[in-house]
């Protein structure tokens, strides 16, 4: 196995950050966090032709936003939110002799969340997320693949439950230079109809998103990086009334700076701060992210 594949092993455990705690929120029309916004550098810097291994990841995210964007894209000092989220994730990575030069992974993720805003004060477990990913390396410096996940409709309480099934799918890529790296994803979130007794039937708007990370390999230990996240959510359709909900579509663009610490071959820590630079019908992001990864 060549050096880039060996160095990818500890980073590979990061790759399916995809379904971070943000996912449960991001598929809703007025989300504050961009889907998969938790990902860091080398998220998809993945190996092929390797022996099976396992990863345990704990994510954390906090968003303290006092403002929001209206339907005209104007920022107002109201309608924000204070949220804290977490995600515990187990990933099994493996390859198959019958399918050479292709890597596979399967994830089981449990989300947690807490919200404090506009008179609300609640927390609990969110939906469970499961699914596979597969990738190949066009050359020794690059990776390209696809991932698809299903999110369950229920959490431990109604406030943490989307109440509909959804699929999160995206293309993933990575390219490594000697001193820099560039990776990211682009995908969609599509949800089934929301059914609740005594309420209207709703179809959530399809989400389109992308997350890009550009890092500088300053040293073996420290890697500063720049983050750009974009998301656009179509309007929610009220099937019972036969019309779209007013101001239910949204858009957000965030920029951020962070640093990744490659503590050892089996352990890493990543932190980042991001803020909205553009939005529509969405609370602004004023968020910090942390990620601990352990590989065995």
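Calculated on C-alpha atoms, the gyration radius of the range 3-295 divided by its Kirkwood radius gives an Rg/Rh of 0.98. Angle of helix 3-12 to the longest C-alpha principal axis of the chain, folded into 0 to 90 degrees and rounded to 10: 30°.
For residue 144 and residue 238, a Förster radius of 41 Å and the Cβ-Cβ distance give a FRET efficiency of 0.55, rounded to the nearest 0.05.
Per-peptide packing, taken as the mean over residues of other Cβ atoms within 10 Å, places 182-195, 89-102 in the sequence 182-195, 89-102 from highest down. Measuring between their Cα centroids, the range 49-97 and the range 142-157 lie 12 Å from each other.
Here the range 106-248 is described by how far its Cα atoms reach on the three principal axes: 59, 32, 30 Å, from widest to narrowest.
In the range 31-93, the ratio of gyration radius to Kirkwood radius, Rg to Rh, stands at 1.17 when only Cα atoms are counted. Counting neighbouring beta carbons within 10 Å and listing from fewest to most, the residues 260, 150 come out as 150, 260.
Beta carbons within 10 angstrom, averaged per residue: use that to sort the peptides 265-278, 39-52, highest first. Before the final figure, lay out the partial values.
Values: 265-278: 17.2, 39-52: 22.6.
Ranked by mean Cβ neighbours within 10 Å, highest first: 39-52, 265-278.
Straightening the chain between residue 267 and residue 218 buys 15.8 nm, computed as 0.36 nm per residue apart minus the Cα-Cα spacing. Rounded to the nearest 500, the 222 nm mean residue ellipticity of the chain from helices alone is -1500 deg cm²/dmol, with -39,500 (n - 2.57) taken per DSSP H run of at least 4 residues.
Return a whole-number percent for the relative contact order of the chain, with Cα pairs under 8 Å and 6 or more residues apart as the contact set. Walk me through the numbers before you get to the answer.
Details: 931 pairs, mean separation 57.0, N = 296.
It comes to 19 percent, rounded to a whole number.
Where a number appears in this text, it was derived from the coordinates with a stated rule and is not lab data. Everything quoted here is computed from the prediction, not taken from an experiment. Here Cβ is always computed from backbone atoms with ideal geometry, including for glycine, and neighbour counts include all displayed protein chains.
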